[in-house]
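Asker: My structure is below; once you've seen it, I'll send some questions.
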């Protein structure tokens, strides 16, 4: 599988997970030469949706869950999407990192077992969204 971390996720975390993860590829928005600092969420969703194999997206932007256009784009793109819940934004980088690595195996298992779905990731579990 391929995991894509959006711009709301730390590029350092993405690189660390990529080094840690031996079975799957992990990439960050800033590493994709097709994307720029001004690429909108709707644009990168469309770009990623045409890739094969498909990407599994991790986002630190909880606004996705409230934005009808982005939710529609995700649904049409048939991407599995993990949204990091709001409490993560209040953690320091060290706490964020160890908690993320602890939850990572569950993210991978949920991604393997699902057709495109939307998940919310808390510091202790991964839940199907709606």
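The values are calculated or read from the model by the stated rules, or taken from the named source; none is laboratory data. Only a predicted model underlies this, so the values are computations on that prediction, with no experimental measurement involved. Every residue, glycine among them, receives a Cβ derived from its backbone with ideal geometry; neighbour counts consider all protein chains shown.
Asker: Residue check: is residue 34 surrounded by fewer than 16 Cβ atoms within 10 Å (Cβ to Cβ), modelled with pLDDT of 95 or more and in a loop (DSSP other than H, G, I, E, B)?
Answerer: Here the answer is yes, as residue 34 does meet what is asked.
Asker: When the range 51-63 is examined, which residues are found to be over 12 Å from the mean Cα position of the chain (by Cα) and over 17 Å from residue 25 (Cβ atoms)?
Answerer: Hit for the range 51-63 is 63, nothing else.
Asker: Report, by residue number, each residue of the range 97-129 that is in contact with a helix residue (DSSP H, G or I) (Cβ under 9 Å, 6 or more places away or on another chain) and farther than 18 Å from residue 57 by Cβ.
Answerer: 97, 99, 101, 123, 124, 125
Asker: Tell me, which residue of the range 109-125 that is surrounded by fewer than 18 Cβ atoms within 10 Å (Cβ to Cβ) and under 19 Å from residue 17 (Cα atoms) is modelled with the highest pLDDT?
Answerer: Looking at residues that are surrounded by fewer than 18 Cβ atoms within 10 Å (Cβ to Cβ) and under 19 Å from residue 17 (Cα atoms), I get 109.
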